[in-house]
Structures are given as structure tokens and as C-alpha cells.
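The values are calculated or read from the model by the stated rules, or taken from the named source; none is laboratory data. Remember, predicted model here, so these are calculated numbers, not experimental data. Cβ: placed from backbone, ideal geometry, glycine included. Neighbour counts: every protein chain shown.
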């Protein structure tokens, strides 16, 4: 990943020895694709879904050569439904995912095309933090939209420049409660990223990880897998 970006930092904290979260990357000549994926469950059951998701993403992007984010998510959903026989069985496992294609437009600019299944993308532009919300549909399991052949996911496009930043993360981060039973929360995360928008990426990551650790204690242990991907273009 560091061949494509100025800097990359990752917070990766599985709840158990194996994780239901994973991050994924593919690189081509003038574009790359990256994702953070939050699978149903954690531990062994979550890791099983992670293996399926990782394998299917490789097949969709590398073998089928599908590089549009919304199309990738739709096919990923259909493949998981088929792989787990979810149309006939009671298995409702799946995943939430934030995925983006980053294309080099010229020496200084990048086109970022994003699609999200219940996960957002945060990015910086002109020293301001902004958000792409993604779609409310998840991946896998029973989905009402599939009955009506609706398009569940759509692409959102932003044009960024060198040193702008992208953030992808699982909900284990913002959902982590404190000993006072208060979640870390989206607002606190947005405030943190905005307040540290000019901080070097590695230092920003370390500060955010320290802030998270203040939530985790004996009275309120870690509750879920946590993944947070920092990218500086």
C-alpha cells in the first residue's frame, strides 16, 4: 500500500486471536482499491466470514476484473448468499464494508470513488473533514431490495489532491463503551480528526489509539474487533 500512498497507518485490534474484521487492498497501474470489512461475529465465526469475504473480493476484482465499487458490493452480496445457501437456509451472516477505488488523475490529483454497505468514508479536503455516508444495505443475508431487483449500492465520487487523507474503519471503534457505559461515538471521532487534521499521520494514529485505550478498562473491556485505516494520498 505504501507504494501507492504517501503514508498508511493502521489500528488493528482483534477481540480474540482471530478476527471478524479485515482490511483488503488491490493495486493496478494507475489505480488501486482498498476496503475495511466488518463481518458478522468475532472470533472463529467472524474469522470464517472474513476468509469468505477476502476470497470473494479477490475473485471479483482480480479474476472478474470488476472495478466499480457499487458493482463489487452487489456481486459480493450475491456471492455470499450463494456460498452460504442463504436463500433456503436460516443463515443470515454477512458483513458491512467501506470500499473505494482511488485513481491517479495527474501528478497531484486523485479521483476517489466510494461505495459503502452500512459504513462511511471520512476524508479531508482544504483542511476540513468531510463524510460520504454510504448505503443502508448490508452484505449477505436476507435483503428486501433483492426481491425487487433494486440497485442496493451507489457510487459517490470526490476529487482529492496529494496529502489529503482518507479514513475507513469498523464500528468496533465508535461503539466501544467506557466504564460509564458511554460509547466512544461518532461525534467524538469527528472532533478528534478535525482537531488533529494537520498532525502527521503516524502521530495522529498514535494519539487516536491512546484516546481509544482510555475507553478500554477492567470495568469496560474491549467488546468487538477494531480496525481503523488511515491513508494519506
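Observations on the model:
- Entirely in segment 157-229, the helices (runs of 4 or more DSSP H) that have 2 or more residues that are over 29 Å from residue 70 (Cα atoms) and over 18 Å from the mean Cα position of the chain (by Cα): 186-195, 201-213
- Total residues in segment 64-82, condition under 22 Å from the mean Cα position of the chain (by Cα) and part of a helix (DSSP H, G or I): 13
- Verdict on residue 149 being exposed (fewer than 13 other Cβ atoms within 10 Å of the Cβ), closer than 26 Å to residue 198 by Cβ and either modelled with pLDDT under 95 or in contact with a helix residue (DSSP H, G or I) (Cβ under 8 Å, 6 or more places away or on another chain) (or both): no
- Filtering segment 1-14 to residues that are touching a residue at least 12 places away in the same chain (Cβ under 8 Å) and either surrounded by fewer than 17 Cβ atoms within 10 Å (Cβ to Cβ) or in contact with a helix residue (DSSP H, G or I) (Cβ under 7 Å, 6 or more places away or on another chain) (or both) leaves 1, 3, 6, 7, 9, 10, 11, 12.
- Conditions (1) more than 27 Å from residue 142 (Cα to Cα); (2) out of contact with any strand residue (DSSP E or B) (no Cβ under 8 Å at 6 or more places or on another chain); (3) surrounded by 15 or more Cβ atoms within 10 Å (Cβ to Cβ): number failed by residue 29: (3)
- Taken as a whole, the structure places residue 38 among residues that are under 22 Å from residue 141 (Cα atoms), in contact with a strand residue (DSSP E or B) (Cβ under 6 Å, 6 or more places away or on another chain) and surrounded by 15 or more Cβ atoms within 10 Å (Cβ to Cβ).
- Candidate set: segment 197-210, residues that are buried (at least 17 other Cβ atoms within 10 Å of the Cβ) and either out of contact with any helix residue (DSSP H, G or I) (no Cβ under 9 Å at 6 or more places or on another chain) or free of Cβ contacts under 8 Å to residues at least 40 places away in the same chain (or both); chosen: the one nearest to residue 125 (Cα to Cα): 201
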